[in-house]
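Okay, structure first, notes after.
The values are calculated or read from the model by the stated rules, or taken from the named source; none is laboratory data. Just so it is clear, the structure is predicted and the values come from calculations on it, not from any experiment. As a convention, Cβ positions derive from the backbone with ideal geometry for all residues, glycine included, and neighbour counts pool all protein chains shown. What goes into the accessible areas is simple: the full protein's heavy atoms, side chains included, and nothing from ligands, DNA or RNA. Shrake-Rupley method; radii C 1.70, N 1.55, O 1.52, S 1.80 Å.
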Amino acid sequence: MAVRRLALALVALAIVIAPSLTTLWVSTPDGTDIRARVQDLTRHYGIVLLDADEVPSMLAKAVVATEDERFYTHHGIDSLGLVRAVLYDAAHRCLCQGGSTITEQLVKDAYLGGSDRGYDKMVDAVLALKVERVLTKQEIMADYLSEITTGYGRRGVSAASCAYFKAPLQSLSIGQYALLAGVTQAPSIYDPTVNPQAAEVRRAQVLALMVSEGFITQAQEVAADGEPVLVTGTNPDPACVASA
């Protein structure tokens, strides 16, 4: 019965949105200006634009485990995750689960001013498909982490790394990468300078997801979960000062 409902939901969704998606594909930008848009964003906020090879592997794993487990296999839209979110929202009569991929979240900020509600959600999906034809997965991850909100009034993982841990992004621990990956879902809540208890709980959730995805061992999880949430009482690493 559940499989049948899922199949019917997929068919209904396709019937409803297929004509609109065809029109949107023609009327929306081709995605080739995505890098220029991200550069403009980072310049506007005065933050570091990461190159694809500057994203630490463990941070990328933490983000994938937390936000988009099929990131490396989908083409901009996670159909399974989207249908699951649609069914959940329909059952609970809410807009509780967005089903957005990392690519869609990047597109939302770069093209849509941070909005993915209503019609913008369809535009977001189409542009995500286009951006995936232009950028590699590593470039998408780097652009996303460069500009994403990472705390109360703070954007970009590089700035967050220096603010929270007094160290450049490439030198952090597993626990610190997990905290950065977790804070982006609700920055005003999980910002460790605002609510360290909530940040610690969220970090534990991210670490558990990393274990379930096989990215870290349970021993690494335990060790990382015992780390302090913030680094205080020390001067920032000179590399942080240089990049500020």
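In segment 137-244, which helices (runs of 4 or more DSSP H) lie fully inside it and hold 2 or more residues that are hydroxyl-bearing (S, T, Y)?
In segment 137-244, the matching helices (runs of 4 or more DSSP H) lie at 137-147, 157-165, 187-190.
Looking only at residues in segment 123-136 that are aliphatic (A, V, I, L, M), open to solvent by 10 Å² or more (accessible area, probe 1.4 Å) and assigned to a helix (DSSP H, G or I), which one is farthest from L50 (Cα to Cα)?
Applying the filter and picking the extreme gives V123.
What number of residues within segment 138-154 are open to solvent by 30 Å² or more (accessible area, probe 1.4 Å) and closer than 13 Å to F71 by Cα?
Qualifying residue count, segment 138-154: 2.
Anything in segment 64-113 that is modelled with pLDDT under 60 and of a type in the set (F, W, Y)? List them, or say none.
Y88
Can you tell me how many residues in segment 110-131 are closer than 16 Å to R35 by Cβ and under 15 Å from the mean Cα position of the chain (by Cα)?
2
Here's the yes/no breakdown for (1) more than 27 Å from G114 (Cα to Cα); (2) free of Cβ contacts under 8 Å to residues at least 40 places away in the same chain; (3) open to solvent by 50 Å² or more (accessible area, probe 1.4 Å); (4) not charged (D, E, K, R):
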| site | (1), (2), (3), (4) |
| --- | --- |
| S158 | no, no, no, yes |
| C162 | no, no, no, yes |
| S173 | yes, no, no, yes |
| A178 | no, no, no, yes |
| P187 | no, yes, no, yes |
| V194 | no, no, yes, yes |
| G214 | yes, yes, yes, yes |
| D225 | yes, no, yes, no |
| P238 | yes, yes, yes, yes |
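Could you list all residues from segment 130-143 that are of a type in the set (A, V, I, L, M, F, W, C) and touching a residue at least 60 places away in the same chain (Cβ under 8 Å)?
V131, V134, L135, M141, A142
Determine the pairs where a residue that is under 23 Å from A239 (Cα atoms), located within segment 35-47, has a partner that is part of a helix (DSSP H, G or I) and open to solvent by 70 Å² or more (accessible area, probe 1.4 Å) with Cβ atoms under 9 Å apart, the partner being 6 or more residues away or on another chain.
Partner pairs satisfying both residue conditions: none exist.
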